[in-house]
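First comes the structure, then the notes that go with it.
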Amino acid sequence: MIDQSLLDAVKSYSENMTRPITFVLGSGEHSKRAELIDFLTKIAGTTNKINFDSTATDESLPSPISFKVISHIDGTLTDTGIVFSGIPGGHEFTSLILAILQAGGHTLKLDEGIQKLIKRFNKPLQFQTYVSLSCHSCPEVVQALNQFALLNDDISNEMIDGALFQEQVEANNIQGVPAVFLNGKPFANGLIDTAKLIEKLQEQFPDLLAEAADDTEQLEQQDVTIIGAGPAGVAAAIYTARKGLKVTMVADRIGGQVKDTQDIENLISVPLTTGSELSANFEKHLHEYDITLKEHVSVKEISETEEQNYRIHLNTGEAFETRSIILATGAQWRKLGVPGEDENIGKGVAFCAHCDGPFFKGKDIAVVGGGNSGIEAALDLAGIVKHVTVLEFADDLKADQVLINKAKEKANIDIITSAATQEIKATNDKVSSLVYQDRSSSENKELDVAGVFVQIGLVPNTEFIKGFVDLNRFDEIEIDERCRTDRKGIFACGDVTTVPFKQINIAMGEGSKAALSAFEYLVMQ
């Protein structure tokens, strides 16, 4: 279950702990209980800072294969609110390691403003996060909520391995992960970062999350503020920092959409990498420079100052002044906008084939979109599901020919072109069919499917900036050849702009160009 290299890593990481922790196991019998005990025993055996006694149990835990993390603070056993139901292997092993380290006194990886915001929350919040151990997006949500629990005694988070708790999965109609429940009710589904979790809490409990941040030290005036940390934003931050400017980067997460990408084969000079590896390299490179990073934070508003500078207002309640801005907020998955789509997200409608594919093992599914992302998703799903039908609105597929050839070689992939999706239907709260129009005959046809994976491209993240800078009809930021917007001192780059061809290489170049333009603007002031 756990090899020696992972145990060696635990031993090495435990050196950063400043206080011990204890695992406490639930009571009862389960077929996986012996495996979990062996798993926890081996981890505890790596260091005297981790304690575990399989005979000391807690009947209040939800199952025989649940365990909680207890911290020893000033000699007192303190419940952290962190519970794992299942054996956190796969991608969730990192969540366990971070929970151990952070409960053991290691610094939390959350912005100071967010930490103070979470500490001010004064209502009990019991999160349950259903995951798949093969999901690369789930750990980000689990780790964020675990940190919330460590910051506030009124908050708890239970990671639940959906594969081991099928009855709960079926009872809650879960067909996508991560699936987050709050106080027993659905709260969030699918990939959601820390900034979005905060926003959803603020929406649901506006009276409990005070927006004022009087007790948070405010940033001094910045030369450049970069909003977004994808390829374009990272390039802009590094280039401006190298010019000796005072730089702040505000972002929900470093890597942006790249972080969700699997294999990347077109990054020049790098034959093959992954989104997670590239994002880690972005972060490493950023830390080489004097850049103020405000990660997991979002911008609520930008306003002008009397000095013709700008003021950045964050969702934590903080605000600071900046002489210039580079907008690099990227894009997010585009939705179909048809009946039944929003209502069935997490109940059969999905956007990540890698994360949610296992929920449709042996079933018929549809992929809407015939570009590279759509065909790649179909190829990934073909190895899991019974049958894949690809629906493309245009008369021809838009994907690279090499991908099209691979798809046509698969016996369980069918491709339908000239198909306009009209509706997604559900039966008993689960997707049961998709209605599409054959554009050549105008006839509506119904396809029996258990899942619909939407892969129709991206929509720019410009909601917070609408009315402040000029956008085109696609809501992309209008820029000139120097990445300048219509407002003095505001620049934009990457997928959020009108620049064609949304590619990593292009975004990096545009980010570099925006940084040089911002520097030129500032030295002329």
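The values are calculated or read from the model by the stated rules, or taken from the named source; none is laboratory data. None of the values given here were measured: they were computed from a predicted structure. In this analysis, Cβ positions are derived from the backbone assuming ideal geometry, glycine residues included, and neighbour counts consider all displayed protein chains. Side chains are part of the model used for accessible areas, which takes the heavy atoms of the whole protein and leaves out ligands, DNA and RNA. Shrake-Rupley method; radii C 1.70, N 1.55, O 1.52, S 1.80 Å.
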Looking at region 194-210, can you tell me whether even one residue there is under 30 Å from Pro64 (Cβ atoms) and not aromatic (Phe, Trp, Tyr)?
yes
Yes or no: region 332-346 includes at least one residue that is assigned to a strand (DSSP E or B) and touching a Lys or Arg at 6+ places or on another chain (Cβ under 8 Å).
no
Given the condition out of contact with any helix residue (DSSP H, G or I) (no Cβ under 9 Å at 6 or more places or on another chain) and of a type in the set (A, V, I, L, M), answer yes or no: does some residue in region 165-184 qualify?
yes
Could you grab me the full set of residues in region 497-525 that are touching a Lys or Arg at 6+ places or on another chain (Cβ under 8 Å) and assigned to a loop (DSSP other than H, G, I, E, B)?
Gln525
Filtering strands (runs of 3 or more DSSP E) wholly in region 401-496 for at least 1 residues that are in contact with a Leu (Cβ under 6 Å, 6 or more places away or on another chain) and surrounded by fewer than 17 Cβ atoms within 10 Å (Cβ to Cβ) gives 413-416
With (1) open to solvent by 40 Å² or more (accessible area, probe 1.4 Å); (2) within 25 Å of Gly162 (Cα to Cα); (3) touching a residue at least 40 places away in the same chain (Cβ under 8 Å); (4) not β-branched (Val, Ile, Thr) as the list, and Phe393 as the residue in question, which single condition is left unmet?
(2)
Residue list for region 48-72, restricted to those being of a type in the set (D, E, K, R), in a strand (DSSP E or B) and over 31 Å from the mean Cα position of the chain (by Cα)
Asp53, Asp58
Qualifying positions in region 353-375 - assigned to a loop (DSSP other than H, G, I, E, B) and surrounded by 21 or more Cβ atoms within 10 Å (Cβ to Cβ)
Gly369, Gly370
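So that you can scan it fast, the table gives a plain yes or no per residue for (1) over 21 Å from Gly81 (Cα atoms); (2) open to solvent by less than 30 Å² (accessible area, probe 1.4 Å); (3) touching a His at 6+ places or on another chain (Cβ under 6 Å); (4) assigned to a helix (DSSP H, G or I):
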| position | (1), (2), (3), (4) |
| --- | --- |
| Leu6 | yes, no, no, yes |
| Ser12 | yes, no, no, yes |
| Thr18 | no, no, no, no |
| Phe23 | no, yes, no, no |
| Glu29 | yes, no, no, no |
| Leu36 | no, yes, no, yes |
| Thr46 | yes, yes, no, no |
